Structure formats: C-alpha cells, structure tokens
Amino acid sequence: MIMLLTMLFMVCMFGFIGKLIGFAFKFSWSMIKVVFFLVFLPFTLIALVVGGLLYIALPVLIVAMIAGLLFKEA
C-alpha cells in the first residue's frame, strides 16, 4: 500500500513540476517580448534617426504600429 502511494506521489509531483516548467517558459517568453518592444525597439529607432537613417526608421515604426494594433493579446 505504501509503495502505491509513493508511486502516486511521484507521478503527481512530475506532473506538477512539468506544469511549473511550462509556466516558466511562457513567462520568460512574455518577458522577452516586453523587453524587446518596450526597451530594444524604441532605442533602435532613436539610434536610427540620430544616425541619419530616417528612411529605415519610419517604415519600421509604421510596421510596428500596425502590428501593435492588429495583434492585441487578450
């Protein structure tokens, strides 16, 4: 009887750990997206404008704005 409870505990623990690992991957992917869109993209656009590459920065900004409007997350 104790062996059965131990096996049940181990199976449930592996399921729980698997769910936590899945949550960690989803969380880290969300954090990467936030850092990219809130930090990396604006600094890149500012650097392009300061460097005289407005003709590249403007289309990238327009595409980012359209993507932000179209792909809203629930």
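Counting only whole DSSP H helices of the chain, the ones at least 20 Å long by C-alpha along their axis and with mean Kyte-Doolittle hydropathy no lower than -0.5 are 2-35, 54-70. Computing semi-axes √(5λ) of the Cα gyration tensor in Å directly from the structure and comparing it against (i) 19, 11, 11; (ii) 34, 13, 5; (iii) 48, 13, 6 singles out (iii).
Just so you know, all these numbers are worked out from the coordinates, no wet-lab data involved. This one's a predicted model, so the numbers in the text were calculated from it and none came from an experiment.
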